[in-house]
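Visitor: Pasting a structure below so you can have a look.
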Amino acid sequence: MKYKFILLLAVIFILSCKEKTVEENDPVPKIEVLDAEMTTIVDTSMKIEILADGFTWSEGPLWLPSENKVLFSDVPENTIYSWDEKNGKKIYLKPSGYTISDTRGGKEGSNGLAINKENQLILCQHGNRSVAKMLSPLSNPKDSFLFLAEFYNGKKFSSPNDLYITTDGDIFFTDPPYGLPGMDNDSVKEIKFNGVYRLKSDGKILLLDSTLSKPNGIAFSIDERIMYVANSDPDSAIWKKYNLDENKKIVSDAIFANKTSLVANNKGLPDGMKMSKKGYLFATGPGGVLVFSPDGRHLGTFNSGVATANCAFDSDEKYLYMTAHKYLMRIKLL
């Protein structure tokens with residue numbers, strides 16, 4: 001009888017770790033519909049799930065098809081977590097982005113995450129102030145990195161934030177000051193502007209835009225002829241759209257969307273984003289995850305109730321995962 005009771009307690013403990021229950025202070029996420037087209041993307045009766053909590057600032061979600069799990073950064077805690085249906089949340093990699101003793105920056109960890117064509121993890125590292133590659137396989141993560149991008153014209157990056165890897169292996173990334181304790185006014189900031197860059201497969205780094213005040217999330221259209229960059233500035237909460245030629249050079253740019261008017265009454269700013277296979281842009285911003293049509297219409301918002309940093313699809317785009325302040329959330333899509 002004693003052993004049956006112990007077994008019962010063990011089962012209860014496992015189930016409690018696997019399933020997140022809504023607590024009194026948890027936000028109440030909701031779906032906001034602004035255009036009827038939104039109902040072709042999500043069943044509006046679906047609930048936004050809170051999968052896990054307890055993070056300081058969750059960021060950079062990435063779906064791992066080979067592992068059938070989602071990875072995401074807890075930036076201030078220098079940690080990458082994983083979440084899957086069987087195991088719930090687990091520490092995947094620690095430290096994740098501050099691994100060197102460097103007095104020229106902060107001690108925050110990884111932010112944006114991506115997988116290259118060799119199935120290796122590529123990280124934007126705040127503390128190391130670099131774009132780096134994890135040297136161990138995805139199934140056996142270790143804090144050993146090769147730094148791919150540390151300097152531009154001999155000056156140290158501020159804190160690479162988010163990235164996109166094109167089909168031919170080029171890495172496009174943003175470099176705002178958020179990893180520096182003093183941000184733009186930090187004495188160790190070496191590059192005076194906040195830039196958008198392209199790291200070519202030959203190792204050459206090109207500056208694409210130095211005019212955005214706080215470049216943050218970055219995404220590409222399915223054909224990789226359009227680049228989108230979010231500007232996380234409360235006074236200029238915009239998304240820029242850049243048209244690229246066949247060599248990925250910018251030929252024109254324009255404001256894709258401007259939601260500065262939403263900042264005062266909603267939590268969050270333009271941050272991470274993902275493009276769906278159908279051409280919809282899922283962009284975190286004031287209110288949660290804003291869904292835009294290809295022509296820039298704001299169709300609706302997955303309102304998380306808290307400031308939302310980034311999002312990611314699973315392989316089939318059945319679910320959208322959202323990193324929202326101290327939470328990991330998801331919504332089932334149509």
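The values are calculated or read from the model by the stated rules, or taken from the named source; none is laboratory data. Remember, it's a predicted structure, so these values are computed and weren't measured experimentally. With ideal geometry, Cβ positions are generated from the backbone for all residues, glycine too; neighbour counts draw on all protein chains shown.
Visitor: Quick one: which residue in 275, 227 is surrounded by fewer than 22 Cβ atoms within 10 Å (Cβ to Cβ) and in contact with a strand residue (DSSP E or B) (Cβ under 6 Å, 6 or more places away or on another chain)?
Guide: Details: 227 fails: surrounded by fewer than 22 Cβ atoms within 10 Å (Cβ to Cβ).
Within the list 275, 227, the selection yields 275.
Visitor: Continuing with the same structure: Taking the stated definitions as given, is residue 210 in contact with a Gly (Cβ under 7 Å, 6 or more places away or on another chain), surrounded by fewer than 20 Cβ atoms within 10 Å (Cβ to Cβ) and within 21 Å of residue 129 (Cα to Cα)? Before the answer, list the steps.
Guide: Values: in contact with a Gly (Cβ under 7 Å, 6 or more places away or on another chain): yes; surrounded by fewer than 20 Cβ atoms within 10 Å (Cβ to Cβ): yes; within 21 Å of residue 129 (Cα to Cα): yes.
Spelling it out, residue 210 is indeed in contact with a Gly (Cβ under 7 Å, 6 or more places away or on another chain), surrounded by fewer than 20 Cβ atoms within 10 Å (Cβ to Cβ) and within 21 Å of residue 129 (Cα to Cα).
Visitor: Within the set of pairs 6+ apart or on separate chains, which have a first residue in region 129-141 that is more than 15 Å from residue 117 (Cβ to Cβ), a second that is surrounded by 16 or more Cβ atoms within 10 Å (Cβ to Cβ) and at pLDDT below 95, and C-beta atoms under 6 Å apart?
Guide: 129/105
Visitor: Restricting to region 21-43, what's the tally of residues that are of a type outside the set (A, V, I, L, M), at pLDDT below 95 and over 21 Å from the mean Cα position of the chain (by Cα)?
Guide: 5
Visitor: Sort out which residues of region 256-284 are among the hydrophobic types (A, V, I, L, M, F, W, C) and over 17 Å from the mean Cα position of the chain (by Cα), and write them in order of number.
Guide: Residues of region 256-284 that are among the hydrophobic types (A, V, I, L, M, F, W, C), as a first pass: 256-257, 262-264, 269, 273, 275, 281-283.
Within region 256-284, 256, 257, 262, 263, 264 qualify.
Visitor: Continuing with the same structure: Which condition breaks for residue 191 when tested against (1) modelled with pLDDT of 95 or more; (2) outside any strand (DSSP E or B); (3) over 22 Å from residue 98 (Cα atoms)?
Guide: Only one criterion in (1) modelled with pLDDT of 95 or more; (2) outside any strand (DSSP E or B); (3) over 22 Å from residue 98 (Cα atoms) is unmet by residue 191, namely (3).
Visitor: Look through region 278-294, keep the residues that are in contact with a strand residue (DSSP E or B) (Cβ under 9 Å, 6 or more places away or on another chain) and either free of Cβ contacts under 8 Å to residues at least 24 places away in the same chain or in a loop (DSSP other than H, G, I, E, B) (or both), and return whichever of them is surrounded by the fewest Cβ atoms within 10 Å (Cβ to Cβ). Can you show your working first?
Guide: Within region 278-294, the first condition is being in contact with a strand residue (DSSP E or B) (Cβ under 9 Å, 6 or more places away or on another chain), and the residues that meet it are 280-294.
Then drop every residue that is not either free of Cβ contacts under 8 Å to residues at least 24 places away in the same chain or in a loop (DSSP other than H, G, I, E, B) (or both), which leaves 280, 286-287, 293-294.
On the way: 280: 20, 286: 23, 287: 21, 293: 16, 294: 13.
For region 278-294, the residue satisfying everything is 294.
Visitor: State yes or no: is residue 251 surrounded by fewer than 17 Cβ atoms within 10 Å (Cβ to Cβ), out of contact with any helix residue (DSSP H, G or I) (no Cβ under 6 Å at 6 or more places or on another chain) and either of a type in the set (Gly, Ala, Ser) or at pLDDT 95 or above (or both)? Even if it seems obvious, please write down each step before you answer.
Guide: Numbers: surrounded by fewer than 17 Cβ atoms within 10 Å (Cβ to Cβ): yes; out of contact with any helix residue (DSSP H, G or I) (no Cβ under 6 Å at 6 or more places or on another chain): yes; either of a type in the set (Gly, Ala, Ser) or at pLDDT 95 or above (or both): yes.
So residue 251 passes the test.
Visitor: Is it fair to say residue 28 is of a type in the set (A, V, I, L, M) and buried (at least 19 other Cβ atoms within 10 Å of the Cβ)?
Guide: Working: of a type in the set (A, V, I, L, M): yes; buried (at least 19 other Cβ atoms within 10 Å of the Cβ): no.
Here the answer is no, as residue 28 does not meet what is asked.
Visitor: Here's something else I'd like to know. Just checking, how many residues over region 179-204 are surrounded by fewer than 19 Cβ atoms within 10 Å (Cβ to Cβ) and not charged (D, E, K, R)?
Guide: 10
Visitor: So if I check each of 297, 330, 225, which one is of a type in the set (Lys, Arg), in contact (Cβ under 8 Å) with a residue 40 or more places away in the chain and more than 27 Å from residue 53 (Cβ to Cβ)? Steps first, please.
Guide: Numbers: 330 fails: more than 27 Å from residue 53 (Cβ to Cβ); 225 fails: in contact (Cβ under 8 Å) with a residue 40 or more places away in the chain.
On inspection, the qualifying residue turns out to be 297.
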